Amino acid sequence: MAAERKNHALTPQEIVPDHYQDRRAELHRLAPTQRIAAIDRDLTAMAPDTTAAATFHRKKLLRMRDAARLEAGLTNNEGLQRENSSFAQHDFSQAIIVWKPRVRAEG
């Protein structure tokens, strides 16, 4: 059954409405600096909701904030990449790879 439905088009009952869509549209209409401040307020006010819709909204707000900062000239692509990279603060020039044998379970 799962294989049969793998590549099917979504029916109207399967499409989940995005309750945050109107708010993001409002934010898009603001000037970049106003948008940044409004997004920061929205992110601070958001409850730590773990629903998929809230998680994707939070991610979209973060991307929208980055785009607004670029548009306002507050950062450039390289700076934004450094800020968003979890490895930017590490210096890998002296890194050493340590190879260890893996334990294999025989069964």
Query - Among the residues listed as Asp91, Asp40, Asp22, the single one being of a type outside the set (A, V, I, L, M, F, W, C) and open to solvent by less than 60 Å² (accessible area, probe 1.4 Å) - result: Asp40
Query raised in the report: What number goes with the only condition from (1) closer than 14 Å to His19 by Cβ; (2) in a helix (DSSP H, G or I); (3) open to solvent by 40 Å² or more (accessible area, probe 1.4 Å) that Asp49 does not pass?
Result: (2)
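The values are calculated or read from the model by the stated rules, or taken from the named source; none is laboratory data. Predicted, not measured: the structure shown is a model, and the values here were computed from it. Ideal geometry is used to build each Cβ from the backbone, glycine not excepted, and the neighbour counts take in all protein chains shown. Keep in mind that these areas ignore ligands, DNA and RNA; they rest on the heavy atoms of the full protein, side chains included. Shrake-Rupley method; radii C 1.70, N 1.55, O 1.52, S 1.80 Å.
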